[in-house]
Amino acid sequence: MTVPLRAALYLRVSTARQAEHDVSIPDQKRQGEAYCASRGYQLIETYVEPGASATNDRRPEFQRMIEAGTSKPAPFDIVIVHSFSRFFRDHFELEFYVRRLAKNGVRLISITQEIGDDPMHVMMRQIMALFDEYQSKENAKHVLRALKENARQGFWNGSLPPIGYRVVAAKQRGAKIKKKLEIDPLHADTIRLIYRLALEGDGTSGPMGVKNIAAYLNQRRIFTRDGGRWGIGQVHRILTRTTYVGRHEFNKRGKSKALKPASEIVTVAVPPLIDQATFDAVQAHLRARNPKVTPARVVSGPTSLPASASAPPAAAP
């Protein structure tokens, strides 16, 4: 009696929109289960990645599957995907993980791109992976171009706006609803308070630093938008974000979080919450408090001695 091969399904879509217009998770699952049944495979585990890009390996379920597939003994013999692009859209990374699994006796199988393991089929898989990678980069380029044009027209890209703003429908073009930002009355006063504390303090002291502002808000139970406590990073972002003076910067940073060239950044006009003079004054205060910008005050050493200590000793009578 032949022992059936043990299979694991890996199902992935990048976004909710892709789930609507591409092969959805339920459809991948249905096809994967039917594939296993038709070939007599024993389905052991299903790994579902509901919203993650295949251009990198920062995917929790993917890593869980790889960890299982490279453990000894592996709980399954094959990994089944709808297409190789569900597994990876980077041909180097695809081959890296295929070989990691293969070293432990686990094969990768595509339902829609069935190929063997001989050198010719390996080359075919690599060529398909190259095309997938190229298509992914082209799609990303076209999507970014559309988003930048949307921003140039003054519309909002994204879902969650900066605290102090909310997203509202502005215009309908065909089936698409264009959105803009408007001031959120629930949190606008909190933003103004943060700037006032940074510039004037709370009336009992002078201008407050970022750490003291966060402590002030938390002590008075003035919560963040999601009901949490304020952190130093959150307060600093608010105090340095040009969105609050009416200039939201879109496409400012890449995936690596590095700043992009000024020519790549699109400035979107939004309703200002803070006037420019207040914003500029706060930036000056932040620079003055930054130890990387302001040299430390010398408190010891020969140049700090009082005049009496540095004067030559008086002549003996």
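Do you know which of the residues in the range 112-167 that are within 24 Å of the chain's Cα centre (by Cα) and of a type in the set (Ser, Thr, Tyr) is surrounded by the fewest Cβ atoms within 10 Å (Cβ to Cβ)? Full working, then the answer.
Step one: list which residues in the range 112-167 are within 24 Å of the chain's Cα centre (by Cα), which gives 132-152, 154-167.
From what's left, of a type in the set (Ser, Thr, Tyr): 134, 136, 159, 165.
Values: Tyr134: 12, Ser136: 18, Ser159: 7, Tyr165: 23.
Restricting to residues being within 24 Å of the chain's Cα centre (by Cα) and of a type in the set (Ser, Thr, Tyr), the top hit is Ser159.
Pull out all pairs, ordered by first then second residue, where Cβ-Cβ is under 7 Å, the residues are six or more apart or on different chains, the first lies in the range 23-39 and is open to solvent by less than 60 Å² (accessible area, probe 1.4 Å), and the second is in a helix (DSSP H, G or I).
Between residues of the range 23-39 that are open to solvent by less than 60 Å² (accessible area, probe 1.4 Å) and residues that are in a helix (DSSP H, G or I), the close pairs are Ile25/Ala19.
I'm trying to understand the selection: among the residues of the range 47-93, which are assigned to a loop (DSSP other than H, G, I, E, B), of a type outside the set (A, V, I, L, M) and at pLDDT 80 or above?
Passing the criteria: Pro50, Arg59, Thr70, Ser71, Lys72, Pro73, Pro75, Phe76, Asp77, His82, Ser83.
Go through the range 86-109 and count every residue that is touching a strand residue (DSSP E or B) at 6+ places or on another chain (Cβ under 9 Å) and open to solvent by less than 50 Å² (accessible area, probe 1.4 Å).
Total meeting the criteria: 9.
Could you please let me know if Lys178 is under 18 Å from Val270 (Cβ atoms), without any contact (Cβ under 8 Å) to a residue 40 or more places away in the chain and open to solvent by 30 Å² or more (accessible area, probe 1.4 Å)?
yes
Please give the helices (runs of 4 or more DSSP H) falling wholly within the range 169-249 in which 3 or more residues are of a type in the set (S, T, N, Q) and more than 24 Å from the chain's Cα centre (by Cα).
Answer list for the range 169-249: 210-219.
Would you point out the residue of the range 199-249, among those that are among the acidic types (Asp, Glu) and open to solvent by less than 90 Å² (accessible area, probe 1.4 Å), that is farthest from Val268 (Cα to Cα)?
The first filter runs over the range 199-249 and keeps only residues among the acidic types (Asp, Glu), leaving 200, 202, 226, 249.
So of that shortlist, the ones also open to solvent by less than 90 Å² (accessible area, probe 1.4 Å) come out as 202, 249.
Numbers: Asp202: 33, Glu249: 6 Å.
The extreme case among them is Asp202.
Can you pull out the residues in the range 274-297 that are at pLDDT 50 or above, open to solvent by 50 Å² or more (accessible area, probe 1.4 Å) and either within 18 Å of Asn212 (Cβ to Cβ) or in a loop (DSSP other than H, G, I, E, B) (or both)?
Result: Asp275, His285, Arg287, Ala288, Arg289, Asn290, Pro291, Lys292, Val293, Pro295, Arg297.
Could you tell me how many of the residues in the range 11-41 are modelled with pLDDT of 90 or more and within 23 Å of the chain's Cα centre (by Cα)?
Total meeting the criteria: 1.
The values are calculated or read from the model by the stated rules, or taken from the named source; none is laboratory data. The structure presented is a predicted model; accordingly, all values stated were derived computationally and were not measured. Glycine gets a Cβ as well: all are built from the backbone with ideal geometry, and neighbour counts include every protein chain shown. SASA here: full protein model, heavy atoms, side chains in, ligands and nucleic acids out. Shrake-Rupley method; radii C 1.70, N 1.55, O 1.52, S 1.80 Å.
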